[in-house]
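Chemist: I'd like to ask you about the structure that follows.
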Amino acid sequence: MKKCKYNLKEKVWIYPGVSAAWHFVYVDKKHSEEIKKNYGKIAKGFGSLPVKVIIGKTEWNTSIFPDSKNGTYLLPLKSQVRKKERIFDGDNIKFNVEILIQ
């Protein structure tokens with residue numbers, strides 16, 4: 001398998017809908033294709049992959065989820081992380097994603 005750690009920079013966006021509380025960033029298409037090719041076979045429910053994420057000084061384990069509309073993965077941003085790192089809708093953020101291989 002190829003590398004399982006990715007350094008990314010993407011724009012934060014809010015899921016449109018009733019709740020409008022879910023904040024996400026995309027994993028860009030190039031990296032999403034590489035992740036799917038190398039790790040798609042270990043995907044869990046809904047095609048999710050377990051990951052470790054680092055934004056600023058905050059680190060946590062979560063999952064990325066495939067977005068069939070545009071062929072990328074989505075990373076949900078917990079409100080606790082957004083508050084601690086002062087992240088808002090429309091911000092461009094740098095983050096590290098590491099696929100957790102079990």
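The values are calculated or read from the model by the stated rules, or taken from the named source; none is laboratory data. Given the structure is predicted, the values throughout are model-derived calculations rather than measurements. Quick reminder, even Gly has a Cβ in these numbers, built from the backbone with ideal geometry, and neighbours come from all protein chains shown. Calculation scope for accessible area: heavy atoms of the full protein, side chains included, ligands and nucleic acids excluded. Shrake-Rupley method; radii C 1.70, N 1.55, O 1.52, S 1.80 Å.
Chemist: Residue under question is Ile101, and the condition is that it be of a type in the set (Val, Ile, Thr) and exposed (fewer than 15 other Cβ atoms within 10 Å of the Cβ); does it hold?
Modeler: When the stated conditions are applied, Ile101 passes them.
Chemist: OK, next. Only one of (1) open to solvent by less than 90 Å² (accessible area, probe 1.4 Å); (2) modelled with pLDDT of 95 or more; (3) over 13 Å from the mean Cα position of the chain (by Cα) fails for Ser32. Which number is that?
Modeler: Against the list (1) open to solvent by less than 90 Å² (accessible area, probe 1.4 Å); (2) modelled with pLDDT of 95 or more; (3) over 13 Å from the mean Cα position of the chain (by Cα), Ser32 comes up short only on (3).
Chemist: Next up: Before we move on, is Gly56 in contact (Cβ under 8 Å) with a residue 24 or more places away in the chain, on the phi > 0 side of the Ramachandran plot and touching an Asp or Glu at 6+ places or on another chain (Cβ under 8 Å)? Write out each step before concluding.
Modeler: Working: in contact (Cβ under 8 Å) with a residue 24 or more places away in the chain: yes; on the phi > 0 side of the Ramachandran plot: yes; touching an Asp or Glu at 6+ places or on another chain (Cβ under 8 Å): yes.
When the stated conditions are applied, Gly56 passes them.
Chemist: Here's a follow-up. Yes or no: Ser48 among the small types (Gly, Ala, Ser), surrounded by fewer than 18 Cβ atoms within 10 Å (Cβ to Cβ) and within 12 Å of the chain's Cα centre (by Cα)?
Modeler: On the way: among the small types (Gly, Ala, Ser): yes; surrounded by fewer than 18 Cβ atoms within 10 Å (Cβ to Cβ): yes; within 12 Å of the chain's Cα centre (by Cα): yes.
It is true that Ser48 is among the small types (Gly, Ala, Ser), surrounded by fewer than 18 Cβ atoms within 10 Å (Cβ to Cβ) and within 12 Å of the chain's Cα centre (by Cα).
Chemist: Of all residues in the stretch 5-29, which are more than 18 Å from Ile87 (Cα to Cα), touching an Asp or Glu at 6+ places or on another chain (Cβ under 9 Å) and surrounded by fewer than 17 Cβ atoms within 10 Å (Cβ to Cβ)?
Modeler: Lys5, Asp28
Chemist: List the pairs whose first member sits in the stretch 8-34 and is within 13 Å of Asn92 (Cα to Cα) and of a type in the set (Asp, Glu), whose second member is at pLDDT 95 or above and not in a loop (DSSP other than H, G, I, E, B), and whose Cβ atoms are under 6 Å apart, counting only residues at least 6 apart or on separate chains?
Modeler: Note: pairs meeting the criteria are Glu10/Val25; Glu10/Tyr26.
Chemist: Which members of the stretch 51-69 meet the condition of being farther than 16 Å from Asn7 by Cα, over 10 Å from the mean Cα position of the chain (by Cα) and surrounded by 11 or more Cβ atoms within 10 Å (Cβ to Cβ)?
Modeler: Asp67, the sole residue that qualifies.
Chemist: Inside the stretch 5-44, can you point out the residues that are polar (S, T, N, Q) and within 17 Å of Ser63 (Cα to Cα)?
Modeler: Passing the criteria: Asn7, Ser32, Asn38.
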